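Undergrad: Have a look at this one.
The values are calculated or read from the model by the stated rules, or taken from the named source; none is laboratory data. Only a predicted model underlies this, so the values are computations on that prediction, with no experimental measurement involved. Cβ coordinates were reconstructed from backbone atoms using ideal geometry, including for glycine residues, and neighbour counts include every protein chain displayed.
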Amino acid sequence: MFLKKILLIILSLFLISCSDPSASHKAVAPVAFEKSDECHLCGMAIEKFAGPKGEAFENRDGTMKKFCSTMDLMSWYLQPENQANVSAIYVHDMSKVPWDQPDDKHLIHAQEAFFVLGSSQKGSMGPALASFGEKQQAQDFAKQYGGQLLHFNEITMDRLHPIQD
C-alpha cells in the first residue's frame with residue numbers, strides 16, 4: 001500500500017512537469033481604451049490620436065500594456081524579452097472603424113490580422129501600421145493609400161524602422 005502511494009506521487013509529479021505552462025493561462029479579452037491611458041512605450045495620451053492602437057497582455061503577471069499606435073505596440077513586442085512573455089495582443093480592425101476614432105468594440109487578435117506599412121495615413125507618431133481583420137480589406141486600403149501588405153509574422157524591427165542612409 002505504501003509503495004502504491006509513492007508510485008502515485010511520482011507519477012503525479014511527472015505529469016505536472018510535462019504539462020504545457022502556457023496552457024495554464026486563461027484567455028484574456030481586449031479592454032477598452034480610456035481617456036487616462038498612456039502609451040506604455042512613449043508615454044503619450046492614447047485617446048488623443050488617430051489610427052489603430054493596440055494592447056498586449058503579459059504571461060508572467062497578466063499585466064496589460066496599452067499603446068498609442070500599432071507601430072509602438074510592435075516596436076515593443078519585437079523585443080526578444082517581450083515576445084516570449086505575451087499571452088495576447090489586440091489591434092483595431094480599421095476596416096470597421098473610422099481612422100480618426102477607432103472603436104474598441106472592434107479589437108482583433110494581432111496574430112490573425114493583416115497590416116499595411118508605409119501608407120499615407122498617419123498615426124500618433126507619424127507613420128502608421130494599419131491593421132485589418134481580412135486580407136482583402138488590407139489590400140483595398142493599400143491600393144487607396146499606398147503601403148506594403150504584411151501578415152503579423154512578417155513584421156520585423158527592420159521593416160518598422162529602416163536605417164536611413
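Undergrad: Of all residues in the stretch 120-152, which are among the aromatic types (Phe, Trp, Tyr) and farther than 14 Å from Trp99 by Cα?
TA: Phe152
Undergrad: Let me ask another. Hey, does the stretch 75-93 have a residue that's more than 20 Å from Lys65 (Cβ to Cβ) and surrounded by 14 or more Cβ atoms within 10 Å (Cβ to Cβ)?
TA: No, because not a single residue in the stretch 75-93 is more than 20 Å from Lys65 (Cβ to Cβ) and surrounded by 14 or more Cβ atoms within 10 Å (Cβ to Cβ).
Undergrad: Which residue, of Ala50, Ala56, is assigned to a strand (DSSP E or B), modelled with pLDDT of 90 or more and not aromatic (Phe, Trp, Tyr)? Spell out how you get there, then give the answer.
TA: On the way: Ala50 fails: assigned to a strand (DSSP E or B).
Result: Ala56 is the single residue among Ala50, Ala56 that is assigned to a strand (DSSP E or B), modelled with pLDDT of 90 or more and not aromatic (Phe, Trp, Tyr).
Residues are listed down the side, and each one gets a yes or a no for (1) among the hydroxyl-bearing types (Ser, Thr, Tyr); (2) touching a Phe, Trp or Tyr at 6+ places or on another chain (Cβ under 7 Å):
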| site | (1), (2) |
| --- | --- |
| Gln121 | no, yes |
| Met125 | no, no |
| Phe132 | no, yes |
| Tyr145 | yes, no |
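Undergrad: Consider only pairs whose beta carbons are under 6 Å apart and that are at least six residues apart or on different chains; among these, list those whose first residue lies in the stretch 72-86 and is closer than 13 Å to Lys53 by Cα and whose second residue is outside any loop (DSSP other than H, G, I, E, B) and among the small types (Gly, Ala, Ser).
TA: Leu73/Gly54
Undergrad: In the stretch 143-163, what count of residues is obtained for those that are closer than 13 Å to Phe132 by Cβ and not basic (Lys, Arg)? First the steps, then the outcome.
TA: If we filter the stretch 143-163 for residues that are closer than 13 Å to Phe132 by Cβ, which is where we start, we get 143-145, 147, 149-152.
Imposing the further condition that a residue be not basic (Lys, Arg) reduces the set to 144-145, 147, 149-152.
Total meeting the criteria: 7.
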